[in-house]
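Inspection log for the structure reproduced underneath, given as structure tokens.
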Amino acid sequence: MVTKRFDWFIVLNYTFLALFCVITIYPIYFVLIGSFNEGSDYMRGGVFLFPREFSLANYGVVLQDERLYVGLKVSILRTVIGTLTSILFTAMVSYAMSRKNLIWRSPYYWLHLITLFFGGGLIPYFLVLKNLALINSFWVYIIPSMFSVFNMIIFNSFFREIPEELHESATVDGANEFRIFLSMFIPLSVPVLATVGLWNAVYHWNSFFDAMIFTTKRDLMPLQLLLMKMIREADVISNSQYIPPQVQRKISVQTIRMAAIMVSTVPILCVYPFLQRYFVTGFMVGSLKG
Amino acid sequence: MQQETALTKLRPQPSLPRRLWKQWQIQFMALCGIVFILIFNYLPMFGIVIAFKKADYSVNLMKSVVEAPWVGFSYFKEFINDYQFRDILFNTIGLNLLQLLINFPAPIIFAILISEIVHKRYKKFVQSITYFPHFISWIVFGGIVINMLSVESGVVVPILMKLGFIDEPVAILGEATAFWGLIIITSIIKGLGWGSIIYLAAITSIDPTLYEAATIDGAGRFRRIWHITLPSISGTIIVFFLLSVSNLLNSSFDHIWVFQNPLNLERSEVIDTFVYKMGITQMRYSYTTAVGLFKSLVALVLLVAGHLLSKRIAGRGIF
């Protein structure tokens, strides 16, 4: 297919895509250099390519903020527990829904489908959680997102591809349904579980809306909500934190914010290269066939 | 096979409770899901009743639903008479339609552009770079953009001045007129790459012999895209179009929230942000439930209108 002739389309296409790559990656670079620049110097403007007055003071202040560690703890806990429970629970329901002999399968299915198109809206949902005493509890991050109809449908289309004979032979060997689900269907569907798990983990790590509306306690504040306060309310330094005068000259609201942004992005940057192989597999099975 | 079905017909069916008992394990698993959606999806739907009842500030949902006095459509009237009503409705519909118009087709074009890359390594490189912003939150990405837009230390204002778009430094975030543009551009930068992933997967599963045959028949690149690529991925396009249409008017709260400030409120207040402010922070539960219901009704009207319009023009409806 490669033509020897000079191809204008290819040149234009490559240039456009390169430009777009620069536009997507430069913002992160911009924040990186800003976070390593001295605060008062940064406010003069013009720090576009390299830090002008190199300084670690911003990171010093951010890393001393005890709210950061609370935020990290909450975020990590909800990401790990939330993803695991959601994947297991949704897959379990999905397994039952994929069994052809399940009585009332079709009414169950309709009950699920309806929720994709109709909902009660934010306020009734909030009130339901309030009445379940989930407000201001760590479990508000875990329980309401434990099940997703959309993911259930994706798992379902994967489970249906698993040959019926496998299930039969396991039954003959005396395994019950829970056993078959856990030690046969789960291992067989690792690719799709990993992909959906990845989406789930990204959701948990990045979400702040539920924290903002369902919690008011400081020790339940995830990292993203802390960042939101830093960005929208310029609330960059915790009340109990003492900043010596010689450090104060070296920081600014903007540069501290950037340091905080980098601290929350570094974990993602670290795992990103290893996750890339899971991006597509689940899509291929789930969405295209289902 | 036929014999078997004949035999099962002859054999008397065991009673329903017995059959249920025999499969109690999978029934239990399925019912876990049913109980979940009954609590977290159907109970809130049932709670919509409070939109027609006087139950502001009352936290006990059951009590509100059963005991609070009926007020009919008075909360809907209150919203329509609100001084912000016109702006909010205009922003909600305008922003969402604009996103549907621009952010829906953009990833399809982007996927085609990526699929036209000949060099495998470059392709991988572009993908890795452009997928990345999807993995950072709107709060973080918004924070980055806010820093870049800063008048004193940002990078966008100097560039715009050099290019001659603006004569003097402007605080873009403080300009209500710039808000929609800001939302569209930022959602393209953040979401274009990831949005294209599904279309790219569909394109790679197209049979390459189709392209070879078309090339032999003398079809150029654009004709190949038009006559092979697009028709082959039309199924995926339709599925995702339906998905985004069913989400019509559900604004991306995080995205708008991070850029919203008192100066741009005129063009940035949408129903979702209004419901949050009025409902969660001011506890006007009945009023905001009514506003939320109003949003669903508008979305339904838009859907039906779009359906009729596309039937009139294109000869086939949305569904």
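The values are calculated or read from the model by the stated rules, or taken from the named source; none is laboratory data. Not measured: the values here are computed from a predicted model. Don't worry about glycine lacking a Cβ; one is built from the backbone with ideal geometry, like all the others, and counts go over all protein chains shown. Note: areas computed on protein heavy atoms with side chains; ligands, DNA, RNA excluded. Shrake-Rupley method; radii C 1.70, N 1.55, O 1.52, S 1.80 Å.
Descriptive notes on the structure:
- Breaking point among (1) more than 11 Å from chain A (Cβ to nearest Cβ); (2) at pLDDT 95 or above, for B:ASN103: (2)
- Any hit, region A:142-149, residues being farther than 28 Å from B:VAL258 by Cα and within 11 Å of another protein chain (Cβ to nearest Cβ): yes
- Region B:52-77, residues that are open to solvent by 70 Å² or more (accessible area, probe 1.4 Å), in a helix (DSSP H, G or I) and more than 9 Å from chain A (Cβ to nearest Cβ): B:LYS63, B:VAL66, B:GLU67, B:LYS77
- Looking across A:ILE87, A:ILE114, one residue alone is out of contact with any helix residue (DSSP H, G or I) (no Cβ under 7 Å at 6 or more places or on another chain), over 25 Å from B:ILE280 (Cα atoms), open to solvent by 20 Å² or more (accessible area, probe 1.4 Å) and part of a helix (DSSP H, G or I). It is A:ILE114.
- From B:VAL155, B:VAL126, B:VAL118, residue being open to solvent by less than 30 Å² (accessible area, probe 1.4 Å), facing chain A (nearest Cβ under 8 Å) and either over 30 Å from B:GLY94 (Cα atoms) or modelled with pLDDT of 95 or more (or both): B:VAL126
- For region B:39-51, a residue qualifies if it is closer than 12 Å to B:SER286 by Cβ and either within 8 Å of another protein chain (Cβ to nearest Cβ) or open to solvent by 50 Å² or more (accessible area, probe 1.4 Å) (or both), and the qualifying residues are B:GLY47, B:ILE48, B:ILE50.
- Tally, over region B:179-208, of residues that are open to solvent by 50 Å² or more (accessible area, probe 1.4 Å) and more than 12 Å from chain A (Cβ to nearest Cβ): 1
- The residues in region B:203-231 that are closer than 28 Å to A:LEU198 by Cα and without any contact (Cβ under 8 Å) to a residue 40 or more places away in the chain can be counted, and the count is 2.
- Some residue of region B:286-305 being within 30 Å of A:ARG257 (Cα to Cα), more than 18 Å from the chain's Cα centre (by Cα), modelled with pLDDT of 90 or more and in a helix (DSSP H, G or I): no
- Residue check, B:ILE37 without any contact (Cβ under 8 Å) to a residue 12 or more places away in the chain and in contact with a Leu (Cβ under 7 Å, 6 or more places away or on another chain): yes
- Unmet criterion (only one of (1) within 11 Å of chain A (Cβ to nearest Cβ); (2) under 17 Å from the mean Cα position of the chain (by Cα)) for B:ARG224: (2)
- Region B:240-267: number of residues that are part of a helix (DSSP H, G or I) and either within 17 Å of the chain's Cα centre (by Cα) or hydrophobic (A, V, I, L, M, F, W, C) (or both): 15
- Being within 25 Å of the chain's Cα centre (by Cα), more than 26 Å from A:ILE261 (Cα to Cα) and more than 10 Å from chain B (Cβ to nearest Cβ) is a condition met by at least one residue of region A:62-84.
- Taking (1) over 30 Å from A:ILE103 (Cβ atoms); (2) surrounded by fewer than 18 Cβ atoms within 10 Å (Cβ to Cβ); (3) in contact with a Gly (Cβ under 9 Å, 6 or more places away or on another chain) in turn, B:PRO107 satisfies each apart from (2).
- Within region A:40-82, tally of residues that are open to solvent by less than 50 Å² (accessible area, probe 1.4 Å) and among the basic types (Lys, Arg): 2
- Residue in region B:89-98 that is at pLDDT below 95, more than 21 Å from B:THR273 (Cα to Cα) and surrounded by fewer than 18 Cβ atoms within 10 Å (Cβ to Cβ) present: no
- Residues of region B:141-197 satisfying the condition of being assigned to a helix (DSSP H, G or I), in contact with a Lys or Arg (Cβ under 9 Å, 6 or more places away or on another chain) and among the hydroxyl-bearing types (Ser, Thr, Tyr): B:THR177
- Of residues in region A:1-16 being within 25 Å of B:PRO133 (Cα to Cα) and within 8 Å of another protein chain (Cβ to nearest Cβ), the one surrounded by the fewest Cβ atoms within 10 Å (Cβ to Cβ): A:PHE16
- Matching helices (runs of 4 or more DSSP H) fully within region A:117-221 where at least 2 residues are of a type in the set (Asp, Glu) and either free of Cβ contacts under 8 Å to residues at least 12 places away in the same chain or not assigned by TED's automatic domain parsing to the domain that holds A:LEU84 (or both): A:164-172
- Extreme residue, most open to solvent (accessible area, probe 1.4 Å), among residues of region B:209-239 that are more than 28 Å from B:ILE129 (Cβ to Cβ) and in a loop (DSSP other than H, G, I, E, B): B:ASP217
- Search result, residues across region A:17-39 that are over 23 Å from B:LYS190 (Cβ atoms) and within 11 Å of another protein chain (Cβ to nearest Cβ): A:ASN37, A:GLY39
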